[in-house]
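Since the structure comes first, as C-alpha cells, the remarks are kept for the end.
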There are 2 protein chains.
Amino acid sequence: MPNIERLRGVLTPVITPFDDALLPDAGRLVDQCRWLLSQDVGLAVFGTNSEANSMSVGEKIDLLDALVDAGLDTSRMMPGTGCCALTDSLRLTRHAVSLGCAGVLMLPPFYYKDVSDDGLYRSYAEIIERTGDAALQIYLYHIPPIANVGLSLDLIERLVRAYPHNIAGIKDSSGDWNNTAAMLERGWDDFRVFAGSESFLLRVMQGGGAGCISATANVNPAAISRLWNSWNEPTATRQQQDLDGIRAIVQEYPMIPALKAIVASFRDDRCWRTVRPPLVNLPDDAAARLMEQLGEKGFDMPGLARQ
Amino acid sequence: MPNIERLRGVLTPVITPFDDALLPDAGRLVDQCRWLLSQDVGLAVFGTNSEANSMSVGEKIDLLDALVDAGLDTSRMMPGTGCCALTDSLRLTRHAVSLGCAGVLMLPPFYYKDVSDDGLYRSYAEIIERTGDAALQIYLYHIPPIANVGLSLDLIERLVRAYPHNIAGIKDSSGDWNNTAAMLERGWDDFRVFAGSESFLLRVMQGGGAGCISATANVNPAAISRLWNSWNEPTATRQQQDLDGIRAIVQEYPMIPALKAIVASFRDDRCWRTVRPPLVNLPDDAAARLMEQLGEKGFDMPGLARQ
C-alpha cells in the first residue's frame, strides 16, 4: 500500500462564489482558497457550506481543475464527492483521486430516508471497489441535521474493518458531542475524527481527534487554526471562548449567506454575496448589522483585502 | 401561447431496470413502458420509485432518449426533472421539453432543509425563466415524507399567479388528504391535482382532481386506470377497496424492491430485482411471500408475460 499521510488540522468547506448569472466563479474561488491556505486552513471544497449539492458534478470538476491548475496544494484538499447518485459520486471521487487530492469527504446518498445500514454500506463499498485505487482516502460525512441520513457507529466500524486503507476518518456534524466521543473511544487504527465545527475543537483535540472542518473557518481561519496549534497550552480555554463568541454572532444569521456577506464586505466585492437557490442572499440591512456586531468584537480577516 | 393539453389520468413513476453492473437498462425500460401504456397508464419516469435521484442526469437523458427513439408517446410522459442542483434540473428539464414531453414532475431542491418559500420560489422561477419555453409544463412534486422539503399552499399560489402558463399542476405525496383537498378548493385555473397514490384516487376525482401518480400502478395499472375511468359509477367504492387491498400487501415490504420483485416474477426475469444503493434488493424469501400473498388475492399482470 502507498504510504498516504492522512489529514489533520483545520479545514473549511470553502464557500463558492457565483457570478451574476449564478455560475461558479473559478477565479474568485482560487483567490479565496489561496488566502485560506495562507491562514493554515485546508480546503474541504464542496461541503454543505459550499452549496456543493446546488452544483452539478461537471461544475465541481471544473472548479477542482481550476484549483489544481492554479497550483494550489492538493495535499490540503478534501473535496466533497458524495452525491445521491452512485454514478455521480463515483465520477467526482475518481476525478479527485486522479488529481491527487489527499482525501474526499463523502456524504451518504441522501434522498431516500430510513435506508438500512446494509444499503449505506453498499453505497460506500461500490464506490471504493469501482474506484479501485489505494490512494482513495474517504472521510465519511455524518450530518444528520441536514442530510437526514446518518451513519451509525456500527456502519462505520463495518466500513473501517472492510476497507481499512480507504476509510480514513469522519467529519461529525451531528452536533452531538457524545457521538464524537464514542468514535474517539473506538480507537480505530489511524481513523481521523474531525469535529463538524470549531465549537468542539478543544474537546476533540483533548480526546485525540484530528481537528475540525468548520464553516466559520471561511472567515475566522487564523484564530481557529491557532487553537488547533495550541490546544494543549494554558490559553486554550480562553481561545475556545473567543471562537465561540464569533461563531455565536454568525449563527444569528443564515450561515451560508452570512459567511458570503462577510467575505464580500472584507473583499469589498459584492459578487461574493450571491447564493444559488434554494438559498437567498442576506439582505443589506442584515449584512450591515452582522458586520457591525463583528466589528464590536474587533473581528478582522487579515490579509484578505490586501491581496 | 400554444394550446397545451394538460395531463390527467393515472401515471406511474416507472421503476428503472438496472443490469448486473448496476447500469440502467434502456431496453427493459422501453418494454415496461410500452406495456404500461397498453394498460392506459402514463409514464412519470424518474420519480421517487424510479430511483431517479440514484441516477446521474446523463443516465436519465439517455433513458429518455431511448423511450422517444422507441416511438413511445411523449404526450403521455411526465419525467421527473427536479434535482438538488439548479443546473442539473435545468439541463434535464430543457431536454424533456425539447423531446416534446407533455410535462415534467419537479421536486424542489432537497438537500438544504428549512429553506424559505422565497428560496423555493426562486428555484422554480430560475428554471422557468432560463428554459424560456411556453411548452414547459411543470407539475410540482410535494413529497415531504421523503424530500423533507415541502411546498406550501402560499408558495404554490405565488407560482401559479406568476407563471400560469408553466405551472400545470401538482403531485401531492404528503399523505395528508387535507392538503390535497385544500389545493382542490383553491380552484386555480386548469391546475391539475394528482393524488400521490391510488389510495386517494376516488376522493381526488370526487373533488375535481386530475388523477393519481402511483407507485403501485407499476404493477396494478389496469385496475387503477379502471377506477379512474369509472369513479362516478356505483362500483367505484368497491374498486377503491380492492385497490387498497393490493396496495396494503405491497406496503408490507420496502416499496421499490417489492415492485421490482413483482415485475421480475411476472416477467420471469431476475434482472428486474436489482436496485441501486442505498436501497437493497428484496430477499428471496420475502419475494416469495409477497408473490404468495398477491396470488391469494388473484392478482395478475395481464399481458406482461406474453410480451
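The values are calculated or read from the model by the stated rules, or taken from the named source; none is laboratory data. In this text, all values refer to a predicted model and were calculated from it rather than measured experimentally. No Cβ is skipped: glycine too gets one built from the backbone with ideal geometry, and neighbour counts run over all protein chains shown.
Filter the range B:122-133 for residues that are within 22 Å of the chain's Cα centre (by Cα) and closer than 11 Å to B:Pro108 by Cβ; which is surrounded by the most Cβ atoms within 10 Å (Cβ to Cβ)? The residue in question is B:Tyr124. Filtering the range A:134-147 to residues that are surrounded by fewer than 16 Cβ atoms within 10 Å (Cβ to Cβ) and either hydroxyl-bearing (Ser, Thr, Tyr) or away from chain B (no Cβ under 14 Å) (or both) leaves only A:Ala134.
Restricting to the range B:76-91, count the residues that are more than 10 Å from every other protein chain (Cβ to nearest Cβ) and either more than 15 Å from the chain's Cα centre (by Cα) or surrounded by 24 or more Cβ atoms within 10 Å (Cβ to Cβ) (or both). Quick ask: steps written out before the conclusion?
Quick first cut of the range B:76-91, residues more than 10 Å from every other protein chain (Cβ to nearest Cβ) only: B:76-82.
Then keep just the ones that are either more than 15 Å from the chain's Cα centre (by Cα) or surrounded by 24 or more Cβ atoms within 10 Å (Cβ to Cβ) (or both); that gives B:77-82.
Qualifying residue count for the region: 6.
What residue, among those in the range A:148-170 that are of a type in the set (Gly, Ala, Ser) and more than 14 Å from every other protein chain (Cβ to nearest Cβ), is farthest from B:Asn148 (Cα to Cα)?
Result: A:Ala162.
Of the listed requirements (1) under 18 Å from A:Leu90 (Cα atoms); (2) surrounded by fewer than 20 Cβ atoms within 10 Å (Cβ to Cβ), A:Leu23 misses just one: (1).
Among residues of the range B:182-211 that are of a type in the set (Ser, Thr, Tyr), those with a Cβ under 7 angstrom from a residue that is at pLDDT 95 or above and part of a loop (DSSP other than H, G, I, E, B), sequence gap 6+ or separate chain, pair up as B:Ser197/B:Ser214. Filtering B:Arg192, B:Arg161 for residues that are of a type in the set (Lys, Arg) and over 22 Å from B:Trp228 (Cα atoms) leaves a single hit, B:Arg161. When the range A:262-306 is filtered for residues that are of a type outside the set (A, V, I, L, M) and either in contact with a Gly (Cβ under 9 Å, 6 or more places away or on another chain) or within 14 Å of chain B (Cβ to nearest Cβ) (or both), the ones remaining, listed by number, are A:Thr274, A:Arg276, A:Pro277, A:Pro278, A:Asn281, A:Pro283, A:Lys297.
Would a scan of the range B:245-255 turn up a residue that is under 19 Å from the mean Cα position of the chain (by Cα), within 14 Å of chain A (Cβ to nearest Cβ), in a helix (DSSP H, G or I) and modelled with pLDDT of 95 or more? There is at least one residue in the range B:245-255 that is under 19 Å from the mean Cα position of the chain (by Cα), within 14 Å of chain A (Cβ to nearest Cβ), in a helix (DSSP H, G or I) and modelled with pLDDT of 95 or more.
Condition test on B:Ser89, is it in contact with a strand residue (DSSP E or B) (Cβ under 9 Å, 6 or more places away or on another chain), free of Cβ contacts under 8 Å to residues at least 40 places away in the same chain and among the hydroxyl-bearing types (Ser, Thr, Tyr)? Step through it out loud before you land on a result.
Working: in contact with a strand residue (DSSP E or B) (Cβ under 9 Å, 6 or more places away or on another chain): yes; free of Cβ contacts under 8 Å to residues at least 40 places away in the same chain: yes; among the hydroxyl-bearing types (Ser, Thr, Tyr): yes.
For B:Ser89, the condition - in contact with a strand residue (DSSP E or B) (Cβ under 9 Å, 6 or more places away or on another chain), free of Cβ contacts under 8 Å to residues at least 40 places away in the same chain and among the hydroxyl-bearing types (Ser, Thr, Tyr) - is met.
Look at the range A:109-133: where a residue is within 9 Å of another protein chain (Cβ to nearest Cβ) and a partner is among the basic types (Lys, Arg) and surrounded by fewer than 21 Cβ atoms within 10 Å (Cβ to Cβ), sitting 6+ places away or on another chain with Cβ atoms under 8 Å, you get A:Tyr121/A:Arg158.
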